[in-house]
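Data block below; observations after.
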Amino acid sequence: MIEGRDLTKIFSPDSTGKNRIIAVDNVNIRIEAGETLTLVGESGCGKSTLSRLLLLLIPPTRGEIFFEGQALKGLKGKELHSIRKKIQIEPQQPESSLNPRWKIAYSICEPFRIHPDLLRGRQIEEELKRLIGLVGLEPEQAARYPHQLSGGELQRAVIARAIALEPAFLICDEPTSMLDVSTQASIIHLLKTLQKDLRCALLFITHDQGLAHAIGDRTAVMFAGQIVEEGRGVLDRPYHPFTRRITSISDSGSLQPSEPQGKKIPGSCVYYQFCPKKTEKCLHSPEMMEYEDRRVRCHNFSSA
Amino acid sequence: MILDVQQLYVHFPVSSTVIRAVDGVDINIEQSETLAIIGESGSGKSVLGLALLGLLPANCTVNGVIRYHGNNLLTLSENELEMIRGRKIAWVPQNPTGAMNPSMTVGNQIGEPISLHIEKNKTKIRKKVLELLQFVRIIPPEERIDSYPYSFSGGMLQRSLVAMGISGHPEVLVADEPTKGIDIMNKQAITYLLRVLREEGITLIIITHDLPFVQNFADRIAVMYSGRIVEIRGRQEFFDGPLHPYSRGLLRSLPENGLHPIPSGTEDSEENDGGCRFRVRCTFAIERCRIEPPLIPFPDGSAVRCWLYDRREKVA
C-alpha cells in the first residue's frame, strides 16, 4: 500500500554542513491496506519527520516512497495533487490545526474546496452532514468556532476533515495524548471503526505503550532516527535493548533515568551510549536483520 | 493533617449562567502523603489546585475553608499569602512551554522563589540553582543554567518547573498534569523525581488524568466529577476495585482494560438539577439518583458519593 525504502532525511541548519541532524536514518517502512502500524519512540527520535516524509510534505534526502505500487519520485503538480488527497493526518493538537476564525463546518469542508472536482454545492452540504454524524458531532457543534469546543470534540472535527476524501492512508500523530482516558477510548473506537469502513492503512504514532498494544497489528520502535525493531508482539517480547528498556519502565519510575555514557562515536550503533550489552561489534552500526516475524537492528541478538 | 478543605466552592459567573468549577469539595490532606486528584477535563481538578495556592483568577467567587496548619488561606491578606505561596505550598503548572517566561533564563526563573523567600545573595542562589538542575537531571548544569526556555525540550522544561516548584523547600507541592504530552523516558524521569520528593517527606498533590502514572505511587486517590469529589480511596483499593460507577468507567476506558469509553450524556446533563451529576451517563442509575447522594464514608477512611453504597437503606 504505502512503502518507504531507505528513507533518510538530513537537516542542515547552516550552509557549512556543520550541525547536521540526521532526523530519519535509513528507514524501511511498509503498511498494507486495512493494517495498523504503531510507531513508538522518544520525543525527538524522528517519528514526526518520518510521518512528514510519508505525507509528502518534505522531500527525503535519500530514499523513495511508493504509494499503491507507484513510485512518487519525480511526480509533479497534478499527479501529486491527486495522490495527496489519499494521504491524511490526524494531528496531536487539533486546536492548532483548525483555523480559529473558521466555523468547524467550514474547516471540515476545506478538502472539497481544495479538490473542487469531487463534489459541488448541495452535495457538499449533504456530505458534511454525513461526516458530522459519522464522527459523532452534533450539527449545532459544527456551527461553532474551535474555541467553543472541547479537546475531544475538536479531535472529532479534525477526524471528519481527515476522512472527507476517503483516504487510503491515515497518519495519527498522538491524537489522544492530550485527552482524558474516557475521551481517548471513544476517539480510538471511532478511528478503528472508520479504518475498518475505509479499509485504509493507519500509522499510529504514540508514547503510550498500552495504547500501542491495544490497537496495533504491528509495532515499530524508533530510536535516534532509526527503526530499531519492528514486528508483531514487539512490546510483549522485546528483543532490542532499547525496546527492552522502554517496556521495563512500566510507569513505576523505580529505575533511575539512564544517561548517555561517553561521547557519541561516529559510525557506531545509535544506541551505543545507552546500551548495557554493547560489545566491540557495536562500534559499527548494525544492519536490520530479519527473524521470522521480527526485524531487529542489533548485533547481539540471535533468534535462538 | 496539613491541609483541610471544607465545603469549598469556586464559581465563575459567565454571562447569564454560573460555571460551578468546584462545587462543595471536602478533603483532608495528611502530612507527607501523596494524593492524586483524577478526573476528566473540566471536572474542576485544576481549579481546586489553584485554590490551594490562592491563585484563582479575580472573576470567580470563592466560598469555604482551606485550613493550612490551622490558618484559613482564603481569609489571609495578599502579603500573608505571599509568605506561604512558593515557600510552603508550591505549584508545578501544566503546559511547561506556556508557564515559562521566554525572555528570562531558566536559571533565573528557577532561582526566583529562592530570592523571594530565602536568600538574597546572588552567588548562593546560583549555587542552589545548579544543585537543583543537577537534581532534576538537566546536565551539565553549568552549561544549561544560562539558557533560555526555547532551547529546552518539553521534558526538560517540565523538569525545570519541578526544580522551580521545589526551590523554596515547600511542605506541599501541587503538580498539575506533570506527565501530559511528554514521552515515556521523560515521564520516567518525572516519576522518579516525585518519588524522591515523596521520600523526603514533601506532601504531594498530583492533579492528573494519567491513571497508570499514579497507579504505582500515590497513597490515596480522589476522583472528581463535575466539581465534586465522588470517591476517595487508598490507591491499592481503588485500582483493585473502584466503587463509584464513574471510577469504574475510568478504569475500563484504559487501553489495557479494553478501551471502553464512558457513555456520553446529553447536553442537559451539564445542568445542575439537584440530582447525581453522573446519573445520565450511569448504567446503574435508579430513581433515587434524582436526589444527589452525600459522600458516604467507609470504616477504612474511603468515601464514595453514590446511593449504591448507602448501607442505611439496607438496614431500613
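The values are calculated or read from the model by the stated rules, or taken from the named source; none is laboratory data. The shown structure was predicted, so the numbers you read here are calculated from the model rather than taken from an experiment. Here the Cβ positions follow ideal geometry from the backbone for every residue, glycine too, while neighbour counts run over all protein chains shown.
Can you work out which of the residues in region B:155-207 that are under 23 Å from residue A:244 (Cα atoms), in a helix (DSSP H, G or I) and of a type in the set (Gly, Ala, Ser) is farthest from the other protein chains (Cβ to nearest Cβ)? Filtering region B:155-207 for residues that are under 23 Å from residue A:244 (Cα atoms), in a helix (DSSP H, G or I) and of a type in the set (Gly, Ala, Ser), the one farthest from the other protein chains (Cβ to nearest Cβ) comes out as B:155. From the list A:90, A:3, the lone residue that is at pLDDT 90 or above, crowded, with 20+ Cβ neighbours inside 10 Å and among the acidic types (Asp, Glu) is A:90. When B:295, B:250, B:308 are checked against the criterion of being surrounded by 14 or more Cβ atoms within 10 Å (Cβ to Cβ), at pLDDT 90 or above and farther than 18 Å from residue B:43 by Cβ, B:308 stands alone in meeting it.
All conditions in (1) at pLDDT 90 or above; (2) out of contact with any Asp or Glu (no Cβ under 8 Å at 6 or more places or on another chain); (3) in the same structural domain as residue A:163 (by the TED database) hold for residue A:227, with the sole exception of (3). Considering only residues that are among the basic types (Lys, Arg) and not in a loop (DSSP other than H, G, I, E, B), which ones fall in region A:187-227? Across region A:187-227, the qualifying residues are A:192, A:196, A:218.
Can you confirm whether residue A:125 is modelled with pLDDT under 95, within 14 Å of chain B (Cβ to nearest Cβ), out of contact with any Pro (no Cβ under 9 Å at 6 or more places or on another chain) and not in a loop (DSSP other than H, G, I, E, B)? Considered against the rule, which asks whether it is modelled with pLDDT under 95, within 14 Å of chain B (Cβ to nearest Cβ), out of contact with any Pro (no Cβ under 9 Å at 6 or more places or on another chain) and not in a loop (DSSP other than H, G, I, E, B), residue A:125 comes out as no. Set side by side, the residues A:167, A:100, A:111 differ, and just one is assigned to a helix (DSSP H, G or I), modelled with pLDDT of 90 or more and more than 14 Å from chain B (Cβ to nearest Cβ), which is A:111. When residue A:221 is tested against (1) within 18 Å of residue A:42 (Cβ to Cβ); (2) surrounded by fewer than 23 Cβ atoms within 10 Å (Cβ to Cβ), just one condition goes unmet, and that condition is (2). For residue A:185, the conditions (1) touching a residue at least 24 places away in the same chain (Cβ under 8 Å); (2) within 24 Å of residue B:176 (Cβ to Cβ) all hold with the exception of (1).
Any residue in region A:37-52 that is within 21 Å of residue A:195 (Cβ to Cβ) and more than 12 Å from chain B (Cβ to nearest Cβ) sitting within a Cβ distance under 9 Å of a residue that is buried (at least 24 other Cβ atoms within 10 Å of the Cβ) and basic (Lys, Arg)? List the pairs, counting only those 6 or more apart or interchain. Partner pairs satisfying both residue conditions: A:39/A:47.
Just one of the listed residues (B:112, B:119) is assigned to a helix (DSSP H, G or I) and under 26 Å from residue B:200 (Cα atoms), and it is B:112. State which residue is nearest to the chain's Cα centre (by Cα) when the search covers only region B:208-235 and only residues that are within 13 Å of chain A (Cβ to nearest Cβ) and charged (D, E, K, R). Here the answer is B:210. Please enumerate the residues belonging to region B:35-92 that are surrounded by 21 or more Cβ atoms within 10 Å (Cβ to Cβ), in a loop (DSSP other than H, G, I, E, B) and not hydroxyl-bearing (Ser, Thr, Tyr). Answer for region B:35-92, where residues must be surrounded by 21 or more Cβ atoms within 10 Å (Cβ to Cβ), in a loop (DSSP other than H, G, I, E, B) and not hydroxyl-bearing (Ser, Thr, Tyr): B:39, B:40, B:44, B:86.
Of everything in region B:245-260 that is outside any helix (DSSP H, G or I) and free of Cβ contacts under 8 Å to residues at least 12 places away in the same chain, the residue that is farthest from the other protein chains (Cβ to nearest Cβ) is B:258. Number of residues in region B:122-149 that are assigned to a loop (DSSP other than H, G, I, E, B), within 14 Å of another protein chain (Cβ to nearest Cβ) and surrounded by 16 or more Cβ atoms within 10 Å (Cβ to Cβ) equals 3. With respect to the stated conditions, residue A:4 fails to be in contact with a Lys or Arg (Cβ under 7 Å, 6 or more places away or on another chain) and in contact (Cβ under 8 Å) with a residue 40 or more places away in the chain. Selection of first residues in region A:280-303 that are farther than 17 Å from residue A:26 by Cα and of a type in the set (D, E, K, R) and of second residues that are modelled with pLDDT under 90 and part of a loop (DSSP other than H, G, I, E, B), restricted to Cβ pairs under 7 Å at least 6 apart or on distinct chains, gives the following pairs, ordered by first then second residue: A:292/A:303.
Looking at the structure I just gave you, is residue A:187 within 12 Å of chain B (Cβ to nearest Cβ), modelled with pLDDT of 90 or more and under 20 Å from residue B:251 (Cα atoms)? Answer is yes for this residue. Scanning region B:286-307 for residues that are in contact (Cβ under 8 Å) with a residue 12 or more places away in the chain and more than 19 Å from residue B:222 (Cβ to Cβ) yields B:286, B:288, B:289, B:290, B:291, B:307.
Find the strands (runs of 3 or more DSSP E) located wholly in region A:23-90 whose residues include 2 or more that are within 20 Å of residue A:226 (Cβ to Cβ) and of a type in the set (D, E, K, R), and list them.
Values: elements: A:36-41, A:62-67, A:87-90.
Filter on region A:23-90 gives A:62-67.
In region A:80-101, the residues that are in the same structural domain as residue A:144 (by the TED database) form Cβ pairs under 9 Å with partners that are in a helix (DSSP H, G or I) and of a type in the set (Phe, Trp, Tyr), at six or more places apart or across chains, as follows: A:99/A:106.
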